[in-house]
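Values in this text are rule-based calculations from the coordinates and carry no lab data. Quick caveat: nothing in here was measured; it's all calculated off a predicted structure. Cβ coordinates were reconstructed from backbone atoms using ideal geometry, including for glycine residues, and neighbour counts include every protein chain displayed.
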Amino acid sequence: MNSKFFISVLSVLLIGSSYSCKQESISVSKISTIQKKIDSTIVEDKAIDSFIKPFRTHLNKTLDATLCVAIADFTKNDNPLESTLGNLMADISLKQTKPVFEKKYTKEIDFVLLNYGGMRAPILKGPVTARTAYQVMPFENELVVAELSYEKVKELTAYLAYAQRAHPIANLKLSIVKASKEAIEVKINDQPLQEDKTYLVLTTDYLQQGGDRMDFFKNPIQLYKTNYKLRNALIDYFKSVDTLQVELDKRMKYAE
């Protein structure tokens, strides 16, 4: 170790100790900042680039390996109340989480609600990769299950009817009166909504905490954690199938 450096560090420690003994108060009088832009003007450090190149190559190879194939483009803009991408994400979330949840809690998930804004990219026709999952879901959202009362589920369906937006749902069907923004013919697992029952709703921790103004998820009767990220559920599903396919099945529609 450089002796001058050692002496300098020792001096700082001794000075710090003396201040500590005197117990003098220290306050910040001024903070100044300098903005450093990270752009094309920054000169590449060849030594660092050479060091990280093998890791970057390995990461890109892993992210870009084909896991399955999409037979069509899946987007979130198919129609106002339902989308191919939304149906796919909700169905995948349920399929992948269902066995994990049942094994851990010996309970069954009733239905799924995710959010339209959480889908950040389409899944395009052709090879589907882990990178695809990161593009669709770039957030660290974890899947959780909230147990909701009948009244809270009524708030949930009222939210969907008022928003009239293609939020991803699964195992939930409802008709919406467009003019009055009311939800009618609500069915969960093909059964009418029941007043004397509570419902286990699969969603994300972001929404459960009130994201997208879904306040009905706050303070549930019980909150169950799965320790399963939505992105990981997508990747696991992509690995388990040869092709991706989904239909618009009018799980949320306008009343006729």
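Taken as Cα centroids, the range 114-172 and the range 215-256 sit 6 Å apart, rounded to the nearest whole angstrom. What you get for the chain, charging only the Cβ of Lys and Arg (+1) and of Asp and Glu (-1), is a dipole of about 860 debye around the Cα centre. When the chain is described by a simple charge dipole with +1 on each Lys and Arg Cβ and -1 on each Asp and Glu Cβ, the residue from ALA65, LEU81, GLN96 located farthest towards its positive end is ALA65. When Cα Rg over 2.2 N^0.38 Å is computed from the coordinates, the matching label among (1) 1.43; (2) 1.20; (3) 1.08 is (1). Counted by Cβ distance under 9 Å from ILE109, the other residues give a net charge of -1, where Lys and Arg count +1 and Asp and Glu count -1. Subtracting the Cα-Cα distance of GLU185 and LYS197 from 0.36 nm times their residue separation leaves 2.6 nm of extension gain.
In this structure, the amide hydrogen of TYR228, modeled 1.01 Å from its nitrogen in the peptide plane, lies closer than 5 angstrom to those of LEU143, counting only residues at least 5 positions away or on a different chain. Distances between placed amide hydrogens fall under 5 Å for ALA70 paired with GLY126, VAL128, LEU244, all partners being 5 or more residues away or on another chain. Counting only residues at least eight positions apart within a chain, or on another chain, the aspartates and glutamates with an alpha carbon under 16 Å from that of LYS98 are GLU108, ASP110, GLU142, GLU147, ASP236. Among the listed pairs LYS107/LYS187; LYS178/LYS225; LYS76/LYS152; LYS152/LYS229, those with a Cα-Cα distance over 30 Å are LYS178/LYS225. Sparsely packed loop sites in the range 171-205 (the GluC sites (Glu not before Pro) outside DSSP H, G, I, E and B with at most 16 other Cβ atoms within 10 Å) comprise GLU195.
Placing a pseudo-label 7 Å from each Cα along the Cα-to-Cβ vector at VAL28 and ASN60 gives an inter-label distance of 3.9 nm.
3J(HN,Hα) along the range 204-211: 10, 4, 4, 6, 4, 8, x, x Hz, from the Karplus curve 6.51 cos²θ - 1.76 cosθ + 1.60 with θ = phi - 60°, whole Hz, x for Gly and Pro.
Here the gap between VAL177 and SER149, fully extended at 0.36 nm per residue and compared with their Cα-Cα distance, gives a gain of 7.7 nm.
Backbone geometry of the range 171-188 corresponds, through the Karplus equation with coefficients 6.51, -1.76 and 1.60 at θ = phi - 60°, to 3J(HN,Hα) couplings of 6, 10, 10, 7, 9, 10, 7, 4, 5, 8, 6, 10, 9, 10, 6, 6, 10, 10 Hz, x marking Gly and Pro. Taking θ as phi - 60° and the Karplus parameters 6.51, -1.76 and 1.60, the scalar couplings of the range 248-256 work out to 7, 10, 6, 5, 10, 8, 7, 5, 8 Hz in sequence order, x denoting glycine and proline. Of the complete DSSP H runs in the chain, those spanning 18 angstrom or more by Cα along the long axis with a mean Kyte-Doolittle score not below 0.5 are 3-22. Spin-label pair VAL69-ALA121: with each label point 7 Å from Cα along the Cα-Cβ axis, the two points sit 2.1 nm from one another.
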